[in-house]
Amino acid sequence: MSGLIRAAGGVLWRATRSPEGSTTVEVAVIHRPRYDDWSLPKGKLAPAESDLEGAVREVHEETGYHVRVGRPLGETRYFKESAGALRPKVVRWWAMEAEGGAFAATREVDQLRWLTLAEAEAILTRDSDRTMLDAFARGPAPTRTVLLVRHAPAGSRAAWQGDDRQRELDACGRAQADELARTLARFDAAEILSADVTRCRQTIEPLAEALGIPITEEPLVSEVGYPGREDEAVALLRSLGADGRDVVICSQGDVIPDLLGRIAEEDGQALDQPVRARKGSTWALTLDSGNRLVAADYLPPPAVEPCSASAQAD
């Protein structure tokens, strides 16, 4: 049996309103002439491409639509025949709201239909796609995402001369910050917060500049301001994005696992233990309209050339 095939995709959706004022959710289903099947948009990842970036790229290439990334939907696993051998394939999925664009037929995808959930379930060829459609249908709407980022690498604490709060990103950290800006821009961030620590602020400065959003300092999510005020930090995170828009907040390694663990425990969400929070990583936390955590998706640090494994160590 050959090696693993990594792929990603999305349940692309939109809400339509009738003249009477009722709202219907429709999803995009595509036809691939090569296989003569009806499918949700997905495809193989490019070398070194992250799951999320691959999902966004594939959805855009196959449908023509730009998206707002929503909650994670999980993954599907199956075997695919390739060059006469069976290879395991894993596909990661996200809900993605269409935010502009238009479909144009290509050799790979010659039709796109916007269908109700029931219509899509009836037309989809594969059970694995129906599984993802069901995961989308069972989830809450609307939701928003709080992107909890750990700052990128900033050299050695022991080697830094002066106030550690002023320690700056190193070459690896700066490269990761640039790449994080590209990934986090896939969401619909309207507010950016940072612990009052230089390396946290520098991590999200490229994103703030790209989006034209000011950074608000929040001492409560720093390793100095958090201890003893944990309940306040939990309440703050739940309150973010109350207008339905996404929020980015950059914090530190001594804060993120505990903060996330408290929220997950309160809301009955199981997390792998210990909670990962490598430098440059992001937790995409999906909250429903009642401020309850309904999904927590770990996005590993961006793979960039200046970074060695030791530079990204916890």
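The values are calculated or read from the model by the stated rules, or taken from the named source; none is laboratory data. The structure displayed is predicted, hence computed values, not measured ones. Every residue, glycine among them, receives a Cβ derived from its backbone with ideal geometry; neighbour counts consider all protein chains shown.
In the range 130-149, the residues that are among the charged types (D, E, K, R) form Cβ pairs under 7 Å with partners that are not in a strand (DSSP E or B), at six or more places apart or across chains, as follows: 130/121; 130/124; 144/241; 144/244; 144/245. Taking (1) surrounded by 16 or more Cβ atoms within 10 Å (Cβ to Cβ); (2) in contact with a helix residue (DSSP H, G or I) (Cβ under 8 Å, 6 or more places away or on another chain); (3) not hydrophobic (A, V, I, L, M, F, W, C) in turn, residue 214 satisfies each apart from (1).
Of the strands (runs of 3 or more DSSP E) lying entirely inside the range 57-139, the ones with 1 or more residues being more than 28 Å from residue 189 (Cα to Cα), of a type in the set (Gly, Ala, Ser) and more than 17 Å from the chain's Cα centre (by Cα) are found at 65-82, 85-101. Looking at the structure I just gave you, is residue 255 at pLDDT 95 or above, within 19 Å of residue 293 (Cα to Cα) and among the β-branched types (Val, Ile, Thr)? Here the answer is yes, as residue 255 does meet what is asked.
Could you check the range 169-211 and list, in sequence order, the residues that are buried (at least 22 other Cβ atoms within 10 Å of the Cβ) and part of a helix (DSSP H, G or I)? Hits for the range 169-211 are 172, 173, 176, 177, 180, 184, 199, 200, 203, 204, 207. You will find that of 167, 182, the residue that is farther than 29 Å from residue 293 by Cα and either of a type outside the set (Gly, Ala, Ser) or touching a helix residue (DSSP H, G or I) at 6+ places or on another chain (Cβ under 6 Å) (or both) is 167 and no other.
Please work out if residue 212 is modelled with pLDDT of 95 or more and more than 17 Å from residue 281 (Cβ to Cβ). It is true that residue 212 is modelled with pLDDT of 95 or more and more than 17 Å from residue 281 (Cβ to Cβ).
No other residue among 70, 9 is closer than 20 Å to residue 106 by Cα and either touching a strand residue (DSSP E or B) at 6+ places or on another chain (Cβ under 6 Å) or crowded, with 21+ Cβ neighbours inside 10 Å (or both) apart from 9.
One line per residue, one yes/no per condition, for (1) surrounded by fewer than 18 Cβ atoms within 10 Å (Cβ to Cβ); (2) hydroxyl-bearing (Ser, Thr, Tyr); (3) more than 24 Å from residue 248 (Cβ to Cβ); (4) at pLDDT below 95:
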site	(1), (2), (3), (4)
38	no, no, yes, no
41	no, no, yes, no
52	no, no, no, no
55	no, no, no, no
84	yes, no, yes, yes
111	yes, no, yes, no
133	no, no, yes, no
143	no, yes, no, yes
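Please indicate, with yes or no, whether at least one residue in the range 223-244 is in contact (Cβ under 8 Å) with a residue 40 or more places away in the chain, over 16 Å from residue 258 (Cβ atoms) and crowded, with 19+ Cβ neighbours inside 10 Å. The answer is yes, given that some residue of the range 223-244 is in contact (Cβ under 8 Å) with a residue 40 or more places away in the chain, over 16 Å from residue 258 (Cβ atoms) and crowded, with 19+ Cβ neighbours inside 10 Å.
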